[in-house]
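Novice: This is the structure I have questions about; it appears just below.
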Amino acid sequence: MAQRFFTALFLGLALCWPARAEEVLRVLAWPGYAEPELVNAFEALHHVRVQLSFVSSDESLRQKVQANQGGDFDVIAANTVEIKNLVTKKLLRPLTLSRIPLVANQLPRFRETQRIPGITRGDEVYAVPYTYAEMGLIYDRKQSTRVRTSLAVMWDPIYKDKVLAFDDGNHNFSLASLSIGGKPFQIDDGRFEKVAERLIALRRNALAFYTSPEESVELFGDHKVAVLFANYGRQQLKLLQDAGADVGYVIPVEGALAWLDCWSIAQGAQNPLLAHHWINFMLGRGASDALVQRQGLSSTMSVGAGGHGSDRIHWLETVEDGTRRSELWARIVSGDRPERF
């Protein structure tokens, strides 16, 4: 009798006792950075659940991370400029590189962290390089009798309503400045109005401004687009080729903006050790191969295609006034009249 009583009591307590909460890793990344099977493999390896969120622009990333002082995510994928800004705002925590042993397999130029602007502060390292690409021009071979190698093609009236551009104020101001012979990241007050007018002209010539690689592919096919500014670089080229498009890819004569995206850990990470495990996992062969073979991107673990050593590459830098650019871009893309600027 006593034995049955204690057995029943134990079972009752077991049913009432709250189950151990499932551990969750919150990841903020760009499309294509974490394939479903990679996420599944990480979950199985560490017996956790990955909560994956995506961003479509640097501005979107900035807003998401700053919304709760970095407390909504554990791991963040961002370019070096954004990393620098987040470090300054104390929204990232320093990494313990000994917990990320696969950094030893990266290409030498990505292991030299002190030589990569934005990812260190003093002796502390805040990010590990993951992937990189230049933002070239993609063109429809069937609509171009010759290869168009200048950014000016985006403003060419021959291609009115056949141009796709990216919906991002920072990048578009840099592009417009480059297209008229100016500096991409530091636009003087005296030239700002001229650059804004250039973007108004782009808005009038473009079909649309896309926010994701997949959207750009859909618009390209549905509307017979002739020219596409490839914010995602060769990733978009591969997506279009996989969709059957007859397209080419060029680096503009004015130069191409280029980004280096890294993994970092948010200041409000709930499990920093698990976050380190994620970064190390994403440096593994499976993730690196997926970047190259499926996304058309470059991996920091192996030499890939691209013009990253070219003197026509403009690696992203901090701009003169990102808030001003964003606010003006929002007005431009909404159709605000130029005389109101």
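The values are calculated or read from the model by the stated rules, or taken from the named source; none is laboratory data. Keep in mind that this is a model prediction, so the values were computed, not measured. Glycine also receives a Cβ, built like all others from the backbone with ideal geometry; neighbour counts cover every protein chain displayed.
Novice: Going through segment 237-295 one residue at a time, which ones are assigned to a strand (DSSP E or B) and surrounded by fewer than 19 Cβ atoms within 10 Å (Cβ to Cβ)?
Specialist: GLY248, VAL250
Novice: Anything in segment 44-63 that is assigned to a helix (DSSP H, G or I), surrounded by 14 or more Cβ atoms within 10 Å (Cβ to Cβ) and at pLDDT 95 or above? List them, or say none.
Specialist: Passing the criteria: only HIS46.
Novice: OK, next. Residues PHE73, PHE110: which one is modelled with pLDDT of 95 or more and either of a type in the set (Phe, Trp, Tyr) or not in a helix (DSSP H, G or I) (or both)?
Specialist: Residue meeting the stated conditions: PHE73.
Novice: Can you tell me which of (1) surrounded by fewer than 19 Cβ atoms within 10 Å (Cβ to Cβ); (2) more than 22 Å from LEU297 (Cβ to Cβ); (3) among the charged types (D, E, K, R); (4) touching a helix residue (DSSP H, G or I) at 6+ places or on another chain (Cβ under 8 Å) is the one GLU35 doesn't meet?
Specialist: Unmet for GLU35, out of (1) surrounded by fewer than 19 Cβ atoms within 10 Å (Cβ to Cβ); (2) more than 22 Å from LEU297 (Cβ to Cβ); (3) among the charged types (D, E, K, R); (4) touching a helix residue (DSSP H, G or I) at 6+ places or on another chain (Cβ under 8 Å): (2).
Novice: Let me ask something additional. Take segment 283-329 and flag every residue that is more than 30 Å from SER98 (Cα to Cα), modelled with pLDDT of 85 or more and not small (Gly, Ala, Ser).
Specialist: Answer for segment 283-329, where residues must be more than 30 Å from SER98 (Cα to Cα), modelled with pLDDT of 85 or more and not small (Gly, Ala, Ser): HIS314, VAL319, GLU320, ASP321, THR323, ARG324, ARG325, GLU327, LEU328, TRP329.
Novice: Sticking with this one: Against the conditions (1) crowded, with 17+ Cβ neighbours inside 10 Å; (2) of a type in the set (D, E, K, R); (3) out of contact with any strand residue (DSSP E or B) (no Cβ under 8 Å at 6 or more places or on another chain), where does LYS194 fall short? Just the number, please.
Specialist: Checking LYS194 against (1) crowded, with 17+ Cβ neighbours inside 10 Å; (2) of a type in the set (D, E, K, R); (3) out of contact with any strand residue (DSSP E or B) (no Cβ under 8 Å at 6 or more places or on another chain), the one that fails is (1).
Novice: Shifting gears a bit: If you go through segment 151-166 one residue at a time, do you hit one that is at pLDDT 95 or above and closer than 30 Å to ALA275 by Cβ?
Specialist: Yes, segment 151-166 has at least one match.
Novice: Could you list, ordered by first residue, the pairs with Cβ atoms under 7 Å in which the first is in segment 90-118 and touching a residue at least 40 places away in the same chain (Cβ under 8 Å) and assigned by TED's automatic domain parsing to the domain that holds VAL303 and the second is surrounded by 15 or more Cβ atoms within 10 Å (Cβ to Cβ) and aromatic (Phe, Trp, Tyr), at least 6 apart or interchain?
Specialist: Short answer, once both residue conditions are applied: LEU92/TYR126; LEU95/TYR126.
Novice: Given the structure, is GLY255 over 27 Å from GLY70 (Cα atoms), free of Cβ contacts under 8 Å to residues at least 40 places away in the same chain and not assigned by TED's automatic domain parsing to the domain that holds ARG109?
Specialist: Here the answer is no, as GLY255 does not meet what is asked.
Novice: Within segment 216-236, can you find the residues that are among the aliphatic types (A, V, I, L, M) and outside any loop (DSSP other than H, G, I, E, B)?
Specialist: Residues satisfying the conditions are VAL217, LEU219, VAL227, LEU228.
Novice: Still on this model: For segment 175-194, give me each residue that is part of a helix (DSSP H, G or I) and under 18 Å from VAL153 (Cβ atoms).
Specialist: LEU175, ALA176, SER177, LEU178, SER179
Novice: Which of the residues that make up segment 85-107 are among the charged types (D, E, K, R) and either at pLDDT below 95 or not in a helix (DSSP H, G or I) (or both)?
Specialist: LYS89, LYS90, ARG93
Novice: Here are ILE332, ILE251, ILE265: which of them is modelled with pLDDT of 90 or more, touching a strand residue (DSSP E or B) at 6+ places or on another chain (Cβ under 8 Å) and more than 30 Å from ILE100 (Cα to Cα)?
Specialist: ILE251
Novice: I've got another one for you. Looking at ILE279, is it assigned by TED's automatic domain parsing to the domain that holds ASN79, in contact with a Pro (Cβ under 8 Å, 6 or more places away or on another chain) and in contact (Cβ under 8 Å) with a residue 12 or more places away in the chain?
Specialist: Answer is no for this residue.
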